[in-house]
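Participant: So that we are looking at the same thing, I have put the structure below in structure tokens.
The values are calculated or read from the model by the stated rules, or taken from the named source; none is laboratory data. The structure presented is a predicted model; accordingly, all values stated were derived computationally and were not measured. Methodologically, a virtual Cβ is constructed for each residue, glycine included, from the backbone with ideal geometry; neighbour enumeration extends over all protein chains shown. These accessible areas exclude ligands, DNA and RNA; they are computed on the full protein's heavy atoms, side chains included. Shrake-Rupley method; radii C 1.70, N 1.55, O 1.52, S 1.80 Å.
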Amino acid sequence: MAGLIQNIELFGADFPRLEGLREKGRAAFRLPTPKTEAWKYTRLHTLKAEDFAVPASKFIAEFEDESGDEDAAESCHCGKDGCDGHHCNGHCHGPDCRLDLPFNAWQLHFYNGQFVPIYPALPRGVEVMTLMEALLNGEENHLLGKYIELNDYPFAALNTAYLEEGLFIRIGRGVRLERPLMLINHTDCGEINQMTHMRFLVVAEEEAAADLLEYYHYSGEAKSRYFNNIVSEIYLGTGAVLNHCKLQDEAFKAVHIALTTVQVRGGGVYNGFCLQKGADLGRNETRVRLVDREAKAEVNAAYVMNGWATLDTTTDIEHLAERTFSSQLIKGVVGGEAKGVFQGKIRIAPDAQETEGRQLHKAILLSDNAEVDVKPELEIYADNVKCSHGAACGELDQEQLFYMRSRGIGEDEARRILIDAYLDDVIGRVQNPEIREWFRSRV
């Protein structure tokens, strides 16, 4: 069970903050079982420790290099064409990572879970550094893990146990970004079943506004097996606005587990959207805390799956102050013998009067063996609120399908058109029109 924690090298007294966090993660990690309520619909029987290998610590290699070992930070054993084993620091293919996109974005790249140290020219007031730099420099590191109860989030505990790879992003007071920041992870791990743990700490200060886009994709064999474990912690100051979108398009034997925690101050707005595709096992969990008056959050998602996959969307939105607002729309398309899971919770604190929270999940089943498990929850301790939740699932409209086929449209194309139309209203909630169209093209 604890075998997923493999040979973690321990840092000495020179890094007490880092080692303290990692020790908390090691102590808290317990693999969920079928009796774990939050994971009862998402079974982990295919997740075995012996299936995955953890990359060597880049941070330790760089630290040793500063101590006099000149080869430690320059050697590479990736085995890729064109790699001579030196002078690439593990990133000999990083410069080729840049994506051609239908919109302009500041791209920040990870290759097999490790940051490629090529920074775009960012506008004044935006700060980006590696997580290790932030920890060593004291940049907001008191926020790291502040609102994550590791005993309740086992894979966040595992991520913390391996805490090293990731980014710290600060968007300064009043800064309004004209194009998105994009975090891109390219996976091509060859014959190695790699386990990676990425961590992001994002701070948007008062009245800041930005689009943040995450993209996870594979460029290796379609049957690649690997495990990406991501934790993102987001803090929005008073009046800040963050449009946060994510596309998960992993190999169909991959494991992708992610936790995003968000804290929104008064007048702040968090707009979240996640599109899940691929992966044998995928779980995207979002927890939002609306801590001050007039804080708002939208958490929307779509999942499209086939084969034997399990894709899980879990949300937990806490209204902690009066006149806060939240909305959730989740839509799924499930075929083959796949299983979709939605667990959504809205919690209203006693002082959160005049609050509104809405939640709706819908799914289409494309086969007799497809399955959807839904668990909506309302936990309300205030009496002057408006809250609702709903869930529904069904099949493609056979009359519409027949009509389209009678007009000369092939069955596969007709089904594709109906599925695109079904998902259009949730994808249509993406704020940035260029990103919205990109998502539509990737369904």
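Participant: Can you tell me which of R265, R199, R293 is modelled with pLDDT of 95 or more and surrounded by fewer than 19 Cβ atoms within 10 Å (Cβ to Cβ)?
Facilitator: Answer to the check: R293.
Participant: Looking at (1) more than 17 Å from V288 (Cβ to Cβ); (2) surrounded by 16 or more Cβ atoms within 10 Å (Cβ to Cβ); (3) modelled with pLDDT of 95 or more; (4) in contact with a Lys or Arg (Cβ under 7 Å, 6 or more places away or on another chain), which is the only condition V341 fails?
Facilitator: (4)
Participant: Collect the residues in the range 156-180 that are closer than 22 Å to G267 by Cβ, of a type in the set (A, V, I, L, M) and outside any loop (DSSP other than H, G, I, E, B), keeping them in residue-number order.
Facilitator: I169, I171
Participant: Another question, if that's okay. Considering only residues of the range 225-253 that are modelled with pLDDT of 95 or more and not in a strand (DSSP E or B), which is surrounded by the fewest Cβ atoms within 10 Å (Cβ to Cβ)?
Facilitator: T238
Participant: Please enumerate the residues belonging to the range 373-418 that are more than 30 Å from E294 (Cβ to Cβ) and among the acidic types (D, E).
Facilitator: Within the range 373-418, D373, E395, D397, E399, E411, D412, E413 qualify.
Participant: Quick one: count up the residues across the range 273-286 that are open to solvent by 10 Å² or more (accessible area, probe 1.4 Å) and either in contact with a Leu (Cβ under 8 Å, 6 or more places away or on another chain) or assigned to a strand (DSSP E or B) (or both).
Facilitator: Qualifying residue count for the region: 7.
Participant: Tell me which of these G220 doesn't satisfy, since it passes every other one: (1) in a strand (DSSP E or B); (2) at pLDDT below 95; (3) in contact with a Cys (Cβ under 8 Å, 6 or more places away or on another chain).
Facilitator: Tallying (1) in a strand (DSSP E or B); (2) at pLDDT below 95; (3) in contact with a Cys (Cβ under 8 Å, 6 or more places away or on another chain), G220 fails exactly one: (1).
Participant: Name every residue in the range 294-308 that is touching a Leu at 6+ places or on another chain (Cβ under 7 Å), of a type outside the set (F, W, Y) and within 20 Å of A279 (Cβ to Cβ), in order of residue number.
Facilitator: Listed by number, the residues that qualify are N300, A302, M305.
Participant: Okay, moving on. In the list G82, G113, which residue meets the criterion of being small (G, A, S) and modelled with pLDDT of 50 or more?
Facilitator: Just a single option satisfies the conditions, and that option is G113.
Participant: Show the residue pairs meeting these rules: Cβ distance below 8 Å; 6+ apart or different chains; first residue within the range 134-156 and more than 20 Å from N284 (Cα to Cα) and open to solvent by 50 Å² or more (accessible area, probe 1.4 Å); second residue among the hydrophobic types (A, V, I, L, M, F, W, C) and at pLDDT below 95.
Facilitator: From the range 134-156, the pairs are L136/F15.
Participant: Still on this structure, I have one more. Return yes or no: is L360 in contact with a strand residue (DSSP E or B) (Cβ under 6 Å, 6 or more places away or on another chain) and either hydroxyl-bearing (S, T, Y) or assigned to a strand (DSSP E or B) (or both)?
Facilitator: Here the answer is yes, as L360 does meet what is asked.
Participant: Six or more apart or on different chains, Cβ atoms under 8 Å: show the pairs whose first residue is in the range 287-301 and on the phi > 0 side of the Ramachandran plot and part of a loop (DSSP other than H, G, I, E, B) and whose second is buried (at least 24 other Cβ atoms within 10 Å of the Cβ) and among the hydroxyl-bearing types (S, T, Y).
Facilitator: E294/T324
Participant: As an exercise: evaluate H256 against (1) touching a residue at least 40 places away in the same chain (Cβ under 8 Å); (2) assigned to a strand (DSSP E or B); (3) open to solvent by 10 Å² or more (accessible area, probe 1.4 Å) and give the number of the one condition it does not meet.
Facilitator: If we test H256 against (1) touching a residue at least 40 places away in the same chain (Cβ under 8 Å); (2) assigned to a strand (DSSP E or B); (3) open to solvent by 10 Å² or more (accessible area, probe 1.4 Å), just (3) comes out false.
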